[in-house]
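Here's the structure, in structure tokens; my notes come after.
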Amino acid sequence: LPSPISCCLTQPVTPELLVSPSSQDGDLGSECPEDRGNWTGRLDFLLSCIGYCVGLGNVWRFPYRAYTNGGGAFLVPYFIMLAICGIPIFFMELSLGQFSSLGPLAVWKISPLFKGVGMGTILIVSLVAIYYNMIIAYVLFYLFASLTSDLPWQHCGNWWNTELCLDHHVLKAGNTTFPVNITNTVSPSEEYWSRYVLHIQGSSGIGDPGRIRWNLCLCLLLSWTIVYLCILKGVKSSGKVVYFTATFPYLILMMLLIRGVTLDGAWKGIRFYLTPQFDHLLSSKVWIEAALQIFYSLGVGFGGLLTFASYNTFHQNIYRDTFIVTLGNAITSILAGFAIFSVLGYMSQELGVPVNQVAKAGPGLAFVVYPQAMTMLPLSPFWSFLFFFMLLTLGLDSQFAFMETIVTAVTDEFPYYLRPKKASFSAAICIVLFLMGLILTTEGGMYWLVLLDDYSAGFGLMVVVITTCLVVTRVYGMKRFCRDIHMMLGFKPGPYFRACWMLLSPATMMALLVYNIVKYQPSEYGSYRFPAWAEVLGILMGVLSCLMIPVGMLVAVLQEEGTLWERVQQASRATLDWGPSLQENRTGMYVASLAGSQSPKPLMVHMRRYGGITSYENTAIEVDREIEEEEESMM
């Protein structure tokens, strides 16, 4: 078949009666929309998903969560929660994206009444993209600082250090007897992070941001520039970058792991990390922590998975890819724990303190504890550079997904105007988010980053995922959704997936939501407690994404006609052009939107239109038979 673009250029085209925003066969009285694009190879999609899911959280959150929640015993609830709500929701998102070839906004043709869910998703992703790129900017700062023969956070005596600074190198050189009381001291790496990189002493709190740190501002600009250049041509460019950014972290992780386990005291840290404490399994907190780790680690609800799958070919085996990515993500988290805790074990032995006194999570691990551990190794700048380069590649993959989600969602809504200008539109989005992130480069920027981290993707994200699950299974219908997957993959999801989608997954996420609300704790950073107005602002960030759902409902109802109940019913039904974007894939009930499809035998119409049966002819025949049987039973 000739390409849609060449058809538009060579001859006038009579538009079909029904044309979806992503359709490439009609012109609606204007020029033909630019091709949406696809992955250039199957590995592009798989590596993009791996890079998206395997991020900073695998390195700085999972190991800490594991050791504080029962060590090796934590793996039991972790894998159970992976099976209950991780894998099923992951597969659901991929299925929605691949079946429709639409982004997180346009995909709600499945039920226009709930298009606000897509709007909430875009709001959440935009807020996360702002602060996530700031973390990448910190990583770049440390990466450049590692390009030296003597790491700047190795010793005290710099202008940013205080009298509380304790240099373990000096203690070792002076043959000081260990253990040393370090409770009232500060490590050089901690003061480097807080007093030099952040210069947080220049701010009294979140209401007093202070001056812009221009070195951080330049790192943030560089970070956004890198992201823009990598998504410049959409998935065609980012799909090639991930061949490096998704695989190279594993090489570095293995190098750090091998180096770590060969250090003195390494097994002390690993034992601390994995020693099972099965009594913890009786605590509901451990199960909730496991579910939260799965929920955020796989990145469900952010729209990235749906966006990536929307660029697949219609029959891509996402069932297989789901298990590869989810299980690979879990194994990576466990390996990262070995790499981190082996070094922490060595560090605790060097300092003569228990492992739990040096173990931290989040930025404290990445920018304080691990950099300090690097100074204790021979060739410390080399290992430091490798560590931060690994964090850079881990972070960039996820940021690519966030940006591609935003750009794809909006361009799918306005394909005739934005697709030809996708590069310019992507640049505009990057510039706007960079300007919004400038507050994070100030002396009090860390307070704003913590606020965004705590609230932007909290309960709002859970509401989005729960609503999506309920709409697909209850409003759209489990039977129809399974039939769509059957048409796409050649088989229907088994009882395991159907049970999880109908009951287990939404019930688990509902429990997470209730737990988060009941156990709500105000944000804090070290000893700093956030003022009430900041807490309210944070809560509003979460509430705003939830409010998008009723706002979307109101808009959808107002666009319909009839009584209120009739409007609600009409808006909740899938639109007539919902279904596979390419007409050659519209078999069964979806062939009804093809010209001349009034025939009672949709598959025959499809064959006449395209001159033969597709490779999935048996599936199409089965779907047709199912529809006929249902119609007969209803009569």
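Among the residues of the range 437-451, those identified as buried (at least 21 other Cβ atoms within 10 Å of the Cβ), aliphatic (A, V, I, L, M) and either touching a helix residue (DSSP H, G or I) at 6+ places or on another chain (Cβ under 8 Å) or closer than 22 Å to SER572 by Cα (or both) are LEU440, MET446, LEU449.
For CYS546, all conditions in the list (1) surrounded by fewer than 17 Cβ atoms within 10 Å (Cβ to Cβ); (2) under 24 Å from PHE302 (Cα atoms) hold save one; what is the number of the exception? With (1) surrounded by fewer than 17 Cβ atoms within 10 Å (Cβ to Cβ); (2) under 24 Å from PHE302 (Cα atoms) applied to CYS546, the lone miss is (1).
Just to verify a result, which residue in the range 487-497, among those that are open to solvent by less than 10 Å² (accessible area, probe 1.4 Å) and part of a helix (DSSP H, G or I), is farthest from CYS85 (Cα to Cα)? Walk me through it before giving the result.
First pass over the range 487-497, keeping only residues open to solvent by less than 10 Å² (accessible area, probe 1.4 Å): 487-488, 493, 497.
With the extra rule that they be part of a helix (DSSP H, G or I), the set shrinks to 487-488, 497.
Numbers: MET487: 24, MET488: 23, PHE497: 10 Å.
Among them, the one singled out is MET487.
Among the candidates VAL518, VAL471, VAL475, VAL432, the residue that is more than 30 Å from CYS219 (Cα to Cα), among the aliphatic types (A, V, I, L, M) and without any contact (Cβ under 8 Å) to a residue 60 or more places away in the chain is uniquely VAL518.
Per the conditions (1) modelled with pLDDT under 90; (2) surrounded by fewer than 22 Cβ atoms within 10 Å (Cβ to Cβ); (3) farther than 15 Å from GLY337 by Cβ, the sole criterion not satisfied by ALA83 is (1). Considered as a group, the residues in the range 307-330 that are more than 15 Å from the chain's Cα centre (by Cα) and of a type in the set (Ser, Thr, Tyr) include one that is surrounded by the most Cβ atoms within 10 Å (Cβ to Cβ), and that residue is SER310.
Taken over the range 95-120, the criterion of being open to solvent by less than 10 Å² (accessible area, probe 1.4 Å) and among the polar types (S, T, N, Q) is satisfied by SER95, GLN98, SER100, SER111. Screening the range 313-417 for helices (runs of 4 or more DSSP H) wholly inside it with 1 or more residues that are among the acidic types (Asp, Glu), over 21 Å from LEU47 (Cβ atoms) and modelled with pLDDT of 90 or more returns the ranges 380-413. Which residue out of SER615, SER581 is under 28 Å from the mean Cα position of the chain (by Cα), modelled with pLDDT under 90 and either farther than 30 Å from PRO209 by Cα or assigned to a helix (DSSP H, G or I) (or both)? On inspection, the qualifying residue turns out to be SER581. Among the residues of the range 498-511, some residue qualifies, meaning at least one is touching a helix residue (DSSP H, G or I) at 6+ places or on another chain (Cβ under 9 Å), polar (S, T, N, Q) and open to solvent by 20 Å² or more (accessible area, probe 1.4 Å). Only one of the listed residues (VAL432, VAL475, VAL464) is under 17 Å from SER126 (Cα atoms) and touching a helix residue (DSSP H, G or I) at 6+ places or on another chain (Cβ under 8 Å). That residue is VAL464. The single condition among (1) surrounded by fewer than 20 Cβ atoms within 10 Å (Cβ to Cβ); (2) under 23 Å from the mean Cα position of the chain (by Cα) that LEU274 does not meet is (2). Restricting attention to the range 337-395, the residues being within 30 Å of GLY299 (Cα to Cα), free of Cβ contacts under 8 Å to residues at least 24 places away in the same chain and surrounded by fewer than 21 Cβ atoms within 10 Å (Cβ to Cβ) number 1.
Looking at the structure I just gave you, is VAL475 closer than 30 Å to GLY234 by Cβ and surrounded by fewer than 19 Cβ atoms within 10 Å (Cβ to Cβ)? Quick ask: steps written out before the conclusion?
Values: closer than 30 Å to GLY234 by Cβ: no; surrounded by fewer than 19 Cβ atoms within 10 Å (Cβ to Cβ): yes.
Criteria not met by VAL475.
The values are calculated or read from the model by the stated rules, or taken from the named source; none is laboratory data. Small disclaimer: the values here were computed from a predicted structure and weren't measured. Glycine also receives a Cβ, built like all others from the backbone with ideal geometry; neighbour counts cover every protein chain displayed. Ligands, DNA and RNA are excluded from the accessible area calculation, which covers all protein heavy atoms including side chains. Shrake-Rupley method; radii C 1.70, N 1.55, O 1.52, S 1.80 Å.
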